[in-house]
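Here is the structure we will look at.
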Amino acid sequence: MQVAVNKAAQLKAKPDEKKLGFGTIFTDHMFNMDYSIEKGWHDPRIEPYTALVLAPSTMVLHYGQGVFEGLKAYRNQQGGVQMFRPRENFKRLNASSRKLCIPEVDEAFALDALKQLLTVEEAWVPSEPGTSLYIRPTIIATDPYLGVRASFTYRFFIILCPVGAYYAEGFNPVKIMVTKEHVRAVRGGVGDTKTPGNYAASLLAGDKAHKAGYTQVLWLDGVEQKYVEEVGAMNIFFVIGDELITPSLSGSILPGITRDSVLDLAKTWGMTVSERKISIDEVMDAHAAGHLKEIFGSGTAAVISPVGALKYEERVITVGDGRVGPLAHRFFQAIQDIQYGITQGPRSWVELV
Ligand SMILES: Cc1ncc(COP(=O)(O)O)c(C=O)c1O
């Protein structure tokens, strides 16, 4: 399939790269493609970024049948543009789609279409340290219909947004709070997919954590509320003694690409790595025994987010000395260096545009 290109007659003024926030500025163009049962995925096109015109009855608005992804394009050392493991994002998009009864896209084609969009929008990839162009592929159910069933039609779009350095004010630890009142996802549900409802379902607990003075919620499993699952919208790691531990993918945890990269690097560095169940009691006991060295989250937005304090029921513990731990720092630096083309990393992790 050929991607048709219809360029905008007028281009927007580029923002000040030193003042980029997150998720508010969008580039001149977007990618669009439609699905119908008769034609399959068809009419791929790059066209000016514009509002979607949707009937109020559009299915995604009522039943949440939608999936999305989040990845970034980086300005590399040589002045070119590169992405970090984008094939994994399209693979995960399809995995999410399968769970939401959405027709899959051809991953190689979608990556190629994204590269074409990035080529058109090359000038939007910022070069200030820590900045990047955030990429949001999304698929929504578009039938104008009320009634619970899978839609017969869909729109796949990709939008781009220049974003600032996540750690503009320094690489600082966050305070997190365990919730036992709410759960994010359950086994057999859709916690391992990127679907809008998961994020809507996390808002109330997040709001309560913020009001209590904490940045993120530490989610426990939805069955026993005993085992740690994720932190905010990130995967989570613990360093206990010499063991690097992250919860195993139980079906309710999003299989993060940063998580996978941390595990891969840790193994390359000869560390003891465990993907296993870890209970909140084990974490608290390890702290009491003086073995809990570090906790950090992992995800595309922040890469690594060190945790300085954790609240569980009435207890608040300081992790390590409350500052950024050496491993959090090492993973952050190593992954960022690969993303910005400062170092090579495993060959297939970097995709040049
Ligand atoms: C719920 C959730 N967990 C984990 C992650 C981290 O995944 P990744 O490392 O692929 O960004 C994300 C962000 O994408 C997320 O939304």
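The values are calculated or read from the model by the stated rules, or taken from the named source; none is laboratory data. Quantities reported herein were computed from a predicted structural model and do not represent experimental measurements. Here Cβ is always computed from backbone atoms with ideal geometry, including for glycine, and neighbour counts include all displayed protein chains. Remember, those area values only see protein heavy atoms, side chains included, never the ligands or the DNA or RNA. Shrake-Rupley method; radii C 1.70, N 1.55, O 1.52, S 1.80 Å.
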Self-check item: the chain, dipole about Cα centre (Lys/Arg Cβ +1, Asp/Glu Cβ -1), debye to the nearest 20
Solution: 280 debye
Self-check item: Coil-residue GluC sites (Glu not before Pro) of region 179-273, DSSP, other Cβ within 10 Å capped at 13
Solution: GLU181, GLU224
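Taking the radius of gyration and the Kirkwood hydrodynamic radius from Cα positions alone, what is the Rg/Rh ratio for region 76-178, to two decimal places?
Radius of gyration relative to Kirkwood radius: 1.07.
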Self-check item: For the chain: relative contact order, % (alpha-carbon pairs under 8 angstrom, 6 or more apart)
Solution: 18 percent
Quiz item: Which three semi-axes in whole Å describe the equivalent ellipsoid of region 1-97, each the square root of 5 times a Cα gyration tensor eigenvalue, listed largest first?
Solution: 27, 19, 17
Quiz item: For region 176-240, what's the relative contact order in percent, using C-alpha pairs closer than 8 Å and at least 6 residues apart?
Solution: 36 percent
Practice problem: Output the pairs from LYS194/LYS277; LYS18/LYS267; LYS12/LYS211; LYS7/LYS99; LYS72/LYS180 with a Cα-Cα distance over 27 Å in this structure; if there are none, say none. | Solution: LYS18/LYS267; LYS12/LYS211; LYS7/LYS99; LYS72/LYS180
Self-check item: In Hz, Karplus ³J(HN,Hα) per residue of region 51-62 (6.51, -1.76, 1.60; θ = phi - 60°; x = Gly, Pro)
Solution: 5, 7, 9, 10, 5, x, 8, 3, 4, 4, 6, 9
Quiz item: When only alpha-carbon atoms count, how far does region 118-241 stretch along each of its three principal axes, as whole angstroms with the largest first?
Solution: 48, 47, 31
Self-check item: Among ALA8, PHE90, VAL105 - extreme Cα towards positive end, dipole of the chain, charges at beta-carbon
Solution: ALA8
Quiz prompt | Kirkwood Rh, Cα atoms: Rg over Rh of region 120-184 | solution = 1.17
Quiz item: How much solvent-accessible surface does VAL324 expose, in Å² to the nearest 10, with a 1.4 Å probe and all protein chains in place?
Solution: 40 Å²
Practice problem: Mind grabbing the base-10 log of I(q)/I(0) for region 170-303 at q = 0.10, 0.18 Å⁻¹? Debye formula, identical points on the C-alpha positions, no solvent, two decimal places. | Solution: -0.30, -1.05
Exercise. Work from the charge dipole of the chain (Cβ charges, +1 for Lys and Arg, -1 for Asp and Glu, about the Cα centre) and give the residue of GLY164, GLN216, VAL67 farthest towards its positive end.
Key: GLY164
Self-check item: Descending principal axes extents, region 221-262, alpha-carbon based, whole Å
Solution: 29, 24, 17
Exercise. Give me the percent of DSSP beta bridges within region 122-272 that run antiparallel, rounded to the nearest 5.
Key: 80 percent
Self-check item: Cα radius of gyration and Dmax for the chain (Å)
Solution: 20.8, 65
Quiz item: Any idea what Rg and Dmax come out to for region 228-290 if you just take the C-alpha atoms, in Å?
Solution: 11.7, 32
Self-check item: Residue order for THR153, THR24 - accessible surface, 1.4 angstrom probe, largest first
Solution: THR24, THR153
Self-check item: Cα principal axis extents for region 287-342, largest first, Å
Solution: 44, 20, 13
Exercise. Please work out the Cα center distance from region 202-247 to region 29-55, rounded to the nearest Å.
Key: 37 Å
